[in-house]
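First up is the structure itself, then whatever we jot down about it.
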Amino acid sequence: MLKVGLTGGIAAGKSVVGEMFVGLGAHLVQADRIAHSLMQPGEPVYNDVVRHFGREILNSDGSVNRTKLAELAFGTAAAAEENRLSRVQELNRIVHPAVIRSQDEWMQAVGAQDPHAVAIVEAALLIEAGAAKRFDKLIVVTCSTEQRVERFAKRQRVDLETARAEVTRRMAAQLPDEKKVEVADYVIDNRESLAKTREQVDTIWSKLKPKAAT
């Protein structure tokens with residue numbers, strides 16, 4: 001089995017690329033969905049997050065309001081940079097180890113079912129979490145900042161000004177694309193059409209699949 005990490009900055013198009021790989025036969029899990037499941041009431045991660053960030057992050061039914069949590073963790077543009085980063089790091093220290101354990105368990109299960117599988121983990125903070133070395137190959141998806149803003153605005157149904165502020169805030173807690181590219185085995189430039197992106201995915205798949213069979 002070949003273990004592949006798929007990463008990139010906010011709104012770079014990781015999920016679209018991931019689904020393209022699934023269409024070619026890859027197995028895929030999204031770290032964001034794992035984190036979401038781990039923050040359900042009763043889970044240890046849920047308890048730790050509530051203890052550190054307070055019950056104001058909860059909805060009336062006790063579930064975590066991820067928007068409120070993000071506001072507390074990432075802060076505002078006016079907040080002190082040091083304080084914003086420390087809060088993000090605090091959240092990451094709680095969530096990342098549990099997410100990484102779940103990713104490893106998932107990959108083990110995929111490998112047991114299909115020894116020649118290509119198992120892809122999609123995670124925005126894969127490199128930042130120190131998980132890159134757990135993978136045989138690393139794919140980084142890139143695009144321009146303005147494209148991130150436009151895609152985020154469309155996805156979240158907010159205006160461009162709001163999207164730009166949020167993208168800027170999130171990017172401050174992520175490694176810049178240049179640093180990600182330095183450690184990548186493959187880079188997908190997602191600035192052009194979906195057809196161009198698919199061509200790059202097809203090329204990379206033609207290299208990944210034979211490696212999984214060995």
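Could you give the distance between the Cα centres of the range 17-73 and the range 135-206, to the whole Å?
What the calculation gives is 21 Å, centre to centre.
For the chain, what proportion of DSSP beta bridges, expressed in % and rounded to the nearest 5, is antiparallel?
Values: 1 of 19 bridges.
Taking every DSSP beta bridge within the chain, about 5 percent pair in antiparallel fashion.
Given the range 1-78 reduced to its alpha-carbon atoms as identical point scatterers, what log10 I(q)/I(0) does the Debye formula return at q = 0.18, 0.25 Å⁻¹?
These q points yield log10 I(q)/I(0) values of -0.87, -1.12.
Using θ = phi - 60° and the Karplus relation 6.51 cos²θ - 1.76 cosθ + 1.60, list the HN-Hα couplings for the range 142-150 in order, rounded to whole Hz, with x at every Gly or Pro.
10, 6, 7, 4, 5, 5, 4, 4, 5
For I188, which sequence-distant residues (separation of 5 or more, or a different chain) have an amide H within less than 5 Å of its own amide H, given hydrogens modelled in the peptide plane?
V140, V141, T142
What translational diffusion coefficient, in µm²/s and rounded to a whole number, does the Stokes-Einstein relation yield for the range 112-151 at 10 °C and a viscosity of 1.306 mPa s, taking the hydrodynamic radius as the Kirkwood radius over Cα pairs?
For these conditions, the coefficient is 126 µm²/s.
Could you state, as a whole-number percent, how many of the C-alpha pairs of the range 113-214 are farther apart than 22 Å? Let's see the in-between values first.
Details: 2145 of 5151 pairs.
Taking all Cα-Cα pairs of the range 113-214, the fraction more than 22 Å apart is 42 percent.
I'd like to know which of P115, T142, S86 lies farthest towards the positive end of the charge dipole of the range 2-212, counting +1 on Cβ of Lys and Arg and -1 on Cβ of Asp and Glu.
It is P115, whose Cα lies furthest towards the positive end.
Since every read-out is calculated from the coordinates, none of them should be taken as a lab result. Model, not experiment: these values are computed from the prediction. Quick reminder, even Gly has a Cβ in these numbers, built from the backbone with ideal geometry, and neighbours come from all protein chains shown.
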